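The values are calculated or read from the model by the stated rules, or taken from the named source; none is laboratory data. Owing to the predicted nature of the structure, the values given are computational and were not obtained by experimental measurement. Heads up, the Cβs are rebuilt from the backbone with ideal geometry, glycines too, and the neighbour counts pull from every protein chain shown.
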Amino acid sequence: MTAHTRSQKLAQAAFAQIAKHGQPKQEFVSFAKKFPALIHTCGLAQAVAFALAKEEKDYIKDLAVVLEASGHLEVSSAETLQKQTQEQPLSGYLRLSRDAINAASWLKRYVEAATPEESEGVS
């Protein structure tokens, strides 16, 4: 029996979510690259609310799946993630926020790896 660290669980779940998209759409890629900073700047509750308002439900679903795989069993969908950000006591919210930043960072890494680099002025 192999024990996995929380980071390994996040990485494996994030990889599976990005792999199922194949070649992610540009809007998804752009949002995934910005979301960890959005959590850090605005807080998880506002970042999730913003994402859902901007029709980025697919990304929030992926984030919820990664969080659930890392041990947040109460988070299984975009709706339950939003509900948990609003109802958690402070200590639970801080833990969820920390794990969401880590999960979003793994999603960002895999999105960047899955999308080809655009040439920057190379002739």
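See the values below:
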| read-out | value |
| --- | --- |
| Subset of region 52-95 (residues that are in contact (Cβ under 8 Å) with a residue 60 or more places away in the chain and under 24 Å from Gly22 (Cα atoms)) | Ala69, Ser70 |
| Among (1) in contact with a Ser or Thr (Cβ under 8 Å, 6 or more places away or on another chain); (2) of a type in the set (D, E, K, R); (3) at pLDDT 90 or above, the one test that Asp62 misses | (1) |
| Filter pass, Leu38 being under 20 Å from Leu90 (Cα atoms) and either exposed (fewer than 13 other Cβ atoms within 10 Å of the Cβ) or free of Cβ contacts under 8 Å to residues at least 24 places away in the same chain (or both) | yes |
| Matching option when the condition is surrounded by fewer than 21 Cβ atoms within 10 Å (Cβ to Cβ), at pLDDT 90 or above and among the charged types (D, E, K, R), among Lys57, Lys33 | Lys33 |
| Wholly within region 44-123, helices (runs of 4 or more DSSP H) carrying at least 3 residues that are closer than 24 Å to His4 by Cβ and out of contact with any Cys (no Cβ under 9 Å at 6 or more places or on another chain) | 57-69, 78-87, 90-114 |
| Qualifying positions in region 21-66 - among the hydroxyl-bearing types (Ser, Thr, Tyr) and closer than 21 Å to Pro116 by Cβ | Ser30, Tyr59 |
